[in-house]
Amino acid sequence: MNGRRFVVLLALLAIACVTLIVLGIPTWGGAEVTAETGETNSVAVPPAPDVGVIPALATAVDSGSTVSADTAGAWAYRRTAVADLDGDAVPERLVVASDVFVTDDGEPLWDDIHRWAVYVEEDDGARTLVYSAFAPPGGVSVAVGVPAETGRRRIVVVEQGPRRGRLLLAAYAGVGRVDLVAAAGEQLEVWVERVVEDTE
């Protein structure tokens, strides 16, 4: 992906996040208050048939995948970006990792689905898990937002499964402290094919 496409992608993600904030973040079930009695009725939203259930939007960590940044830190496949995520003027490493087997030549041997994780690593080696899930090869994209007035940057995670999609915004506030700022997800029938392929 070249620089221009990356900037366009970030701009689209930012617009989507602002829209979610303005319109309200969707929920997948919850409670509804009746106008006449003021009583709370349980409302359940069933999953789409035969396509599975979206992991809870309220959490970015799937305990079935991994709950440990140290476990993900041992995986051979890793991509990193360096940025001051918490606004303390000291850069951290944002790491995207997968449990795919990597050959001695450095080539990953992808299967249908793998464990993926996103974590923040400090200079002293302390790691904080931001996200984990099962996803297909290339199914997790991560970006770092521009700094806010406080100097903090948001972490954007886009999860692309065969039949579901999720967008997560997280904020790192120091070792062991991550806030899920926004989340949206949807069961999907089909992904639109890319018209323009990456040129890099």
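Quick one: putting +1 on the C-beta of Lys and Arg, -1 on the C-beta of Asp and Glu, what dipole do you get for the stretch 96-200 around its Cα centre, in Debye to the nearest 20? It would help to have the intermediate numbers written out before the result.
On the way: 10 positive and 19 negative charges, 142 e Å.
So the dipole magnitude of the stretch 96-200 works out to roughly 680 debye.
Counting other Cβ atoms within 10 Å, keep those with at most 14, restrict to DSSP loop, and tell me which chymotrypsin sites (Phe, Trp or Tyr not before Pro) in the stretch 100-182 are left.
TRP110
Taking the charge dipole of the stretch 101-195 about its Cα centre, with +1 at Lys and Arg Cβ atoms and -1 at Asp and Glu Cβ atoms, the residue from PRO137, LEU180, VAL102 reaching farthest to the positive side is LEU180. The value obtained for the stretch 125-186, namely the Cα convex hull volume divided by the number of residues, is 98 Å³ per residue.
For a test of the definition: using alpha carbon positions, the gyration tensor, and the 1.5 limit on a/c, classify the stretch 94-143 as rounded, prolate or oblate.
Cα axes put the stretch 94-143 in the oblate bin.
When the residues GLU122, GLU107, GLU149, GLU189 are ordered by accessible surface, computed with a 1.4 Å probe over the protein chains alone, the sequence from largest down reads GLU149, GLU189, GLU107, GLU122. Close amide H partners of VAL140, meaning residues 5 or more places away or on another chain with modelled amide H under 5 Å apart, are GLN160. For the stretch 78-117, the alpha-carbon coordinates run over 39, 22, 8 Å along the three principal axes, in decreasing order.
Taking the stretch 92-200, which trypsin sites (Lys or Arg not before Pro) meet the DSSP loop condition and have no more than 13 other C-beta atoms within 10 Å?
Details: sites: ARG93, ARG115, ARG127, ARG152, ARG153, ARG154, ARG163, ARG164, ARG166, ARG177, ARG194; in loops: ARG153, ARG163, ARG177, ARG194.
Sparse-neighbourhood loop trypsin sites (Lys or Arg not before Pro): ARG177, ARG194.
Suppose R0 equals 41 Å. What FRET efficiency, 1/(1 + (r/R0)^6) with r the Cβ-Cβ distance, do ILE113 and GLU149 give to the nearest 0.05?
Rounded to the nearest 0.05, the efficiency is 0.55.
The values are calculated or read from the model by the stated rules, or taken from the named source; none is laboratory data. In this text the structure is predicted, and so the values were computed from the model without any measurement. A quick note on method: Cβ atoms are made from the backbone with ideal geometry, for glycine too, and the neighbour counts reach across all protein chains shown. Heavy atoms of the whole protein, side chains included, go into the accessibility calculation; ligands, DNA and RNA do not. Shrake-Rupley method; radii C 1.70, N 1.55, O 1.52, S 1.80 Å.
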